[in-house]
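In what follows, a single structure is set out as structure tokens and then discussed.
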Amino acid sequence: FAKYAFNKSHAACYAVVAYRTGYLKAYYPAEFMASMLNSFLGNLDKIPQYIDECKRLNIEILEPDINKSSTKFTVEKGKIRFGLGSIKNVGIAAVNVIVEERRKNGEYKSFTDFCKRAYGRELNKRTLESLIKCGALDCFGVNRRQMLSGYESILSAIDAEKKANVSGQMSLFGGFEEEKEEEDNLPRVTEYSLRELLNMEKETTGLYLSGHPMNEYNGIIEKIGASKVLEIKQISVDEGEKHVRLCGIVLSKKMK
């Protein structure tokens, strides 16, 4: 009853929904969880909660990939591919343009190729930065610092080429073979540290995708016998007072 009255027909409907969803989660866990994630598309507060449930069910979450991800979360061989629509500052309209262009004209061959085909059609600088930071463009074989350092010069060249084409002048890329167009002329700089990369992923997706900052402390955590948050939640009130040790990351503080 739970202090809330249900009439019989209402309770019967809930029972049917509960049975169906329970069946799907038991026999099609990846598809079920992908659907759950899609129901909160773009919600950076809810998505991490369901990602944790995927991990509990041993369902691997694949990182976003500009050549493989769709707007929503999708299932790939029992694994779930992160949806581009859940990346911060990447609107659904921009994602739809990216996916449709890929469907019509094939996969993006390089970072420059991606910029030339998608920039200006819902894709702006802010969106491009978020796609770089979350790792969706790592498939091009250049590091994130290179892309963030060099994308403005590439976009400027694309803008100049468009203006030249409108005025009937020779294209900046004209005279080169198609393969030359696809090469990335990016600064030769070393990649960010792992901590910086993880912070970028957290900023744009609400999650740490390629690792976790606490992984380097696993030895210490095990040595001091630190509990997990889920374990603490399961402690019964009847057990009385109990001391626990926790390890975590301080995200914010409030001075009183």
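The values are calculated or read from the model by the stated rules, or taken from the named source; none is laboratory data. These numbers come from a predicted model, not from an experiment. Please note: Cβ atoms are built from the backbone with ideal geometry, for glycine as well, and neighbour counts cover all protein chains shown. Heavy atoms of the whole protein, side chains included, go into the accessibility calculation; ligands, DNA and RNA do not. Shrake-Rupley method; radii C 1.70, N 1.55, O 1.52, S 1.80 Å.
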Hey, does segment 39-52 have a residue that's aromatic (Phe, Trp, Tyr) and loosely packed, with under 13 Cβ neighbours inside 10 Å? no
Answer yes or no: is there a residue in segment 85-96 that is under 15 Å from Thr204 (Cα atoms), open to solvent by less than 30 Å² (accessible area, probe 1.4 Å) and part of a loop (DSSP other than H, G, I, E, B).
yes
Review point. What about Ala12, is it small (Gly, Ala, Ser), open to solvent by less than 80 Å² (accessible area, probe 1.4 Å) and either in a loop (DSSP other than H, G, I, E, B) or under 25 Å from Leu198 (Cα atoms) (or both)?
Key: no
The residue that is modelled with the lowest pLDDT, considering only those in segment 163-205 that are part of a helix (DSSP H, G or I), open to solvent by less than 90 Å² (accessible area, probe 1.4 Å) and of a type in the set (D, E, K, R), is Glu181
Restricted to segment 113-132 and to residues being in contact (Cβ under 8 Å) with a residue 40 or more places away in the chain and more than 22 Å from Met200 (Cα to Cα), the residue surrounded by the fewest Cβ atoms within 10 Å (Cβ to Cβ) is Gly120
In segment 66-84, anything assigned to a loop (DSSP other than H, G, I, E, B) and either at positive phi or among the hydroxyl-bearing types (Ser, Thr, Tyr) (or both) is listed as Ser69, Ser70, Thr71, Lys77, Gly78
Within segment 206-256, of all residues that are part of a helix (DSSP H, G or I) and touching a Gly at 6+ places or on another chain (Cβ under 9 Å), the one most open to solvent (accessible area, probe 1.4 Å) is Val229
